[in-house]
Amino acid sequence: MLSLNEINALTQNLVAQSGNNTVQIDQIEDLRNVIRFHEHRYYILNEPLLGDTEYDLLFNTLKKLEAANPILITPDSPTQRVGVDLNKNFANVHHLVPMLSLENSYDADDLLDWDRKNKETLKLNRIQYCIEPKFDGASISLIYENDYLVRGATRGDGVMGDDITNNIKQIKSIPLSAAFAKHNIQQIEIRGEVLLNKKNFYDFNKQLEAQNLPPLANPRNAAAGSLRMKDPKEVKKRNLEAFLYHVSFFNPVTNAPVEDLSSHSNSLNLLWNLGFKSPKNEMKVCHTIEEVIDYCFAYESKRDDLPYEIDGMVIKVDPLEHQDALGMTTHHPRWAMAYKFKARQATSILKNVEFQVGRTGSITPVAKIDPVGIGGVTVGSISLFNEDVIREKDLMIGDTVLVERAGDVIPYIVKSLPELRNENCQPIIFPTNCPVCNSPLVKPLDEAVWRCVNYHCSAQIVERMIHFTSKDAMDIRGLGDSIIRKFYELKFLTDIPGIYTLPFEQIGQLEGFGAKSVQNLKTAIEQSKTQSLNRLIFALGIRYVGETTAKTLANAVSNLYDLKDWTVERLQSLEDVGPKVANSVFEFFQNPINLQLIDQLQHVGVDIQQKSTVQVDGNLTGVTFLFTGTLSKLKRSDAEALVEQHGGKLLSGVSSKLNFLVAGEDAGSKLEKAKKLSTVKIISEDEFLSMINR
Ligand code: IVH
């Protein structure tokens with residue numbers, strides 16, 4: 001493999017030639033291989049050798065070269081994962097071999113029984129097993145022909161599934177081509193599981209939460225839902241991954257035996273060697289059932305430490321000839337067995353539903369159940385998100401409900417068990433007035449959530465303050481949930497600006513507040529005055545503005561007040577800001593109450609300026625440029641290449657997304673337009689060169 005220096009040299013060389021169409025087929029293929037190498041390091045081995053910026057540089061260079069030489073694009077180029085159109089309707093496709101289920105076992109005795117039967121049927125004293133995790137995601141089936149991925153499908157009813165090839169191509173750990181022919185394989189059908197890892201699931205739910213949408217129940221549902229989305233670009237955003245664990249069918253090129261597929265463990269090794277994420281490092285080949293049982297028990301204890309969800313182990317008879325001899329039923333293969341971990345579900349009784357008021361006035365029903373232990377945690381309260389969820393799950397007070405809690409995922413009610421319902425069960429009545437301030441609730445037509453629209457509702461005031469001080473917002477340690485509630489009750493604190501004028505003398509007299517904790521609180525509040533602008537914007541609690549959008553907004557302005565003059569259209573021109581978010585931000589900054597809040601914050605000393613100015617130390621990550629006019633020292637293409645080499649981005653026109661316009665001699669309309677935009681900085685060629693330390 002090439003060294004990093006060689007990769008860099010190759011990139012420079014290709015960039016230099018990108019404008020003139022003289023690029024050679026093998027140079028583009030070299031670059032593709034370099035990118036594939038790094039994707040494999042990142043997505044399969046979890047051992048990246050390149051930073052995101054360098055990877056983007058390679059990827060963008062390839063995109064540029066392919067755009068200049070479209071006939072050289074191959075279907076398995078890394079660029080071909082993106083840019084596909086919306087899936088209209090998924091076509092139904094036949095699996096080459098039906099996708100069967102697995103038989104379940106729950107304890108050592110079940111496994112001992114299965115092993116005994118296998119030995120009887122195969123007339124053997126000893127069986128070689130291969131054991132691997134049972135991944136808790138959505139199953140898929142892939143077909144490769146003549147080394148290319150030609151189809152990806154969902155399980156469907158096991159015989160026919162949905163053709164989701166375009167969505168499958170968004171999963172970076174699935175190779176678009178693999179050298180099967182070298183192993184005498186012309187066509188192969190591979191089975192696996194698509195997963196959303198715990199971290200991505202958590203982050204995704206946080207984004208939903210910021211938009212007041214109900215979070216996804218668990219990573220399994222999230223993965224299944226993601227695979228069936230209409231827009232492959234949305235699929236890409238979910239950062240799915242896939243473990244491939246079974247070869248269900250193959251056609252050899254010649255009649256020679258395919259040694260690499262002679263056992264299950266061999267096939268996992270082959271898949272791994274061809275660049276797939278197979279459970280090669282997670283699997284174990286065992287020679288006794290006792291060894292299998294030990295491995296299952298040991299794995300169960302580390303379940304919570306894994307980055308993804310598993311719900312058991314799968315034990316497979318390893319040699320293919322023994323699998324063939326054991327055969328299958330219509331439901332499951334006899335040569336495989338799932339060992340299911342202890343359930344993370346439990347039943348309980350729904351005792352009551354309380355209605356909580358959020359910081360934006362949203363009314364969230366919360367189920368109060370008879371406390372029940374699930375996976376080592378006692379669960380007594382479960383969010384039901386909105387009225388529709390109550391209806392969809394057919395819930396009544398008094399119902400027996402099935403509750404699930406997966407790892408550190410928040411618990412949720414899977415369903416009610418209406419068959420256990422008795423005449424004492426009562427319907428859940430959704431309130432028509434705010435349970436705290438009694439104002440009538442409203443529900444816009446296109447929303448699922450009822451709201452209290454009284455800005456002065458005390459529940460909202462408290463929730464806004466809790467959000468403002470929270471860890472991801474202004475991060476004021478020592479001013480958490482319960483302290484804010486207490487200070488509010490004592491009238492020490494009535495609104496957000498009041499955080500900066502707390503009566504510390506009185507606080508010092510409260511039980512539990514020693515001189516040290518008062519001093520710590522003072523310091524934390526003082527420090528928060530210089531928090532970054534993005535945190536301040538997030539802390540304001542603008543509807544639909546999560547941490548990411550807050551960063552986008554902060555990067556677009558130099559002072560919080562600037563946003564007051566932004567139109568909905570201008571807001572929408574920002575990356576990832578759609579009409580809903582733009583309208584919400586616009587309305588926020590038009591509302592005198594909010595402008596007064598910003599005034600008051602500034603008055604008490606909160607810094608509302610953008611502090612994180614763009615980096616000018618040669619690292620231009622995330623900074624956007626446009627060149628106009630004639631440059632005197634650099635060729636335009638060289639200047640543009642320099643921007644990309646330093647991690648910057650090139651834009652094609654003047655917009656609010658532009659950070660720097662580099663203006664040369666005789667600059668024309670672009671310069672004029674840029675002068676009208678306060679966010680664009682106009683610099684000379686020399687200034688540009690000094691930014692990158694040249
Ligand atoms: S083998 C013919 N191996 O579990 C046997 N399945 O509950 C094919 N699953 O439908 C399945 N991890 O979606 C196999 N390591 C693994 C698995 C696995 C998860 C899923 C698969 C199957 C379901 C049965």
Original post:
Before we move on, is S458 among the polar types (S, T, N, Q), within 36 Å of the chain's Cα centre (by Cα) and within 30 Å of G376 (Cβ to Cβ)?
Top reply: no
Original post:
Exactly one of (1) at pLDDT 85 or above; (2) within 19 Å of N559 (Cα to Cα) is unmet by P579. Its number?
Top reply: (2)
Original post:
Are any of the residues in the stretch 317-332 of a type in the set (A, V, I, L, M, F, W, C) and at pLDDT below 95?
Top reply: yes
**OP:** Mind checking which helices (runs of 4 or more DSSP H) fall wholly inside the stretch 633-694 and carry at least 3 residues that are within 31 Å of the chain's Cα centre (by Cα)?
**Re:** 636-645
**OP:** Go through the stretch 306-387 and tell me which strands (runs of 3 or more DSSP E), entirely inside it, have 2 or more residues that are within 28 Å of the chain's Cα centre (by Cα), among the hydrophobic types (A, V, I, L, M, F, W, C) and within 16 Å of the ligand (Cβ to nearest atom).
**Re:** 310-317
**OP:** Read through the list (1) away from the ligand (no atom under 14 Å from the Cβ); (2) in contact with a helix residue (DSSP H, G or I) (Cβ under 8 Å, 6 or more places away or on another chain), then give the number of the only condition that F297 fails.
**Re:** (2)
Original post:
With respect to P257, is the statement that it is without any contact (Cβ under 8 Å) to a residue 24 or more places away in the chain and farther than 25 Å from P133 by Cα true?
Top reply: yes
Original post:
Residues of the stretch 309-333 being in contact with a Lys or Arg (Cβ under 8 Å, 6 or more places away or on another chain) and touching a residue at least 12 places away in the same chain (Cβ under 8 Å), which ones?
Top reply: E309, I310, D311, G312, M313, V314, Q323, L326, M328
Original post:
Within the stretch 362-412, can you find the residues that are of a type in the set (S, T, Y) and at pLDDT below 90?
Top reply: T378, Y412
Subject >> Any pair with Cβ under 9 angstrom, 6 or more apart, that starts in the stretch 90-107 at a residue that is within 16 Å of D162 (Cβ to Cβ) and within 7 Å of the ligand (Cβ to nearest atom) and ends at one that is among the small types (G, A, S) and in a loop (DSSP other than H, G, I, E, B) >> reply: M99/G156; M99/G158
**OP:** Give the residues of the stretch 504-521 that are part of a loop (DSSP other than H, G, I, E, B) and of a type outside the set (F, W, Y), sorted by residue number.
**Re:** Q509, L510, E511, G512, G514
Original post:
Restricted to the stretch 481-513, and to residues that are closer than 17 Å to Q596 by Cβ and β-branched (V, I, T), which residue is farthest from the chain's Cα centre (by Cα)?
Top reply: T501
Subject >> Top-ranked residue of the stretch 191-218 - restricted to ones that are at pLDDT 85 or above and in a loop (DSSP other than H, G, I, E, B), ranked as surrounded by the fewest Cβ atoms within 10 Å (Cβ to Cβ) >> reply: N197
Original post:
Inside the stretch 133-181, can you point out the residues that are within 12 Å of the ligand (Cβ to nearest atom), over 23 Å from R41 (Cβ atoms) and in a strand (DSSP E or B)?
Top reply: K134, A138, S139, I140, S141, T154, G161
**OP:** Could you check N125 against (1) under 25 Å from E309 (Cα atoms); (2) away from the ligand (no atom under 16 Å from the Cβ) and say which number it fails?
**Re:** (1)
**OP:** Scan (1) farther than 30 Å from A550 by Cβ; (2) in contact with a Pro (Cβ under 8 Å, 6 or more places away or on another chain) for the single condition F250 breaks and write down its number.
**Re:** (2)
Original post:
Do the conditions hold for G622, that is, is it in contact with an Asp or Glu (Cβ under 9 Å, 6 or more places away or on another chain) and either at positive phi or of a type in the set (K, R) (or both)?
Top reply: no
Subject >> Residue in the stretch 183-195 that is without any contact (Cβ under 8 Å) to a residue 12 or more places away in the chain and over 17 Å from F243 (Cβ atoms) present >> reply: no
Subject >> Residue satisfying condition, being within 22 Å of G358 (Cβ to Cβ) and touching a residue at least 40 places away in the same chain (Cβ under 8 Å), within set L536, L553 >> reply: L536
**OP:** Scan the stretch 563-573 and give yes if some residue there is over 22 Å from K676 (Cβ atoms), without any contact (Cβ under 8 Å) to a residue 40 or more places away in the chain and surrounded by fewer than 16 Cβ atoms within 10 Å (Cβ to Cβ), otherwise no.
**Re:** no
Original post:
Which residues, counting only those in the stretch 192-212, are within 16 Å of the ligand (Cβ to nearest atom) and polar (S, T, N, Q)?
Top reply: N197
**OP:** With respect to I289, determine if the residue is buried (at least 21 other Cβ atoms within 10 Å of the Cβ) and within 16 Å of the ligand (Cβ to nearest atom).
**Re:** no
**OP:** Output the residue which, of all residues in the stretch 131-160 that are touching a residue at least 24 places away in the same chain (Cβ under 8 Å) and among the β-branched types (V, I, T), is nearest to L271 (Cα to Cα).
**Re:** I143
Subject >> the stretch 240-254 - residue that is touching a residue at least 60 places away in the same chain (Cβ under 8 Å) and among the β-branched types (V, I, T) and, of those, farthest from the ligand (Cβ to nearest atom) >> reply: T254
Subject >> Tally, over the stretch 236-282, of residues that are of a type in the set (S, T, N, Q), assigned to a strand (DSSP E or B) and crowded, with 20+ Cβ neighbours inside 10 Å >> reply: 1
Original post:
Of the residues that sit in the stretch 675-694 and are touching a Ser or Thr at 6+ places or on another chain (Cβ under 7 Å) and of a type outside the set (V, I, T), which one is farthest from K564 (Cα to Cα)?
Top reply: E685
Original post:
So which residues in the stretch 486-503 are in a helix (DSSP H, G or I) and either surrounded by 15 or more Cβ atoms within 10 Å (Cβ to Cβ) or among the small types (G, A, S) (or both), if there are any at all?
Top reply: F487, Y488, I496, P497, G498, I499, Y500
Original post:
Does the stretch 545-559 contain any residue that is under 29 Å from T501 (Cβ atoms) and in contact with a strand residue (DSSP E or B) (Cβ under 6 Å, 6 or more places away or on another chain)?
Top reply: yes
Original post:
Only one of (1) at positive phi; (2) in contact (Cβ under 8 Å) with a residue 60 or more places away in the chain fails for N454. Which number is that?
Top reply: (1)
Original post:
How about the stretch 94-129: which of its residues are of a type outside the set (K, R) and in a helix (DSSP H, G or I)?
Top reply: A108, D109, D110, L111, L112, D113, W114, D115, N118, E120, T121, L122
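The values are calculated or read from the model by the stated rules, or taken from the named source; none is laboratory data. Note that the coordinates shown come from a computational prediction; the quantities given were computed from them, not determined experimentally. Here the Cβ is made from the backbone with ideal geometry for all residues, glycine too, and neighbour counts use every protein chain on show.
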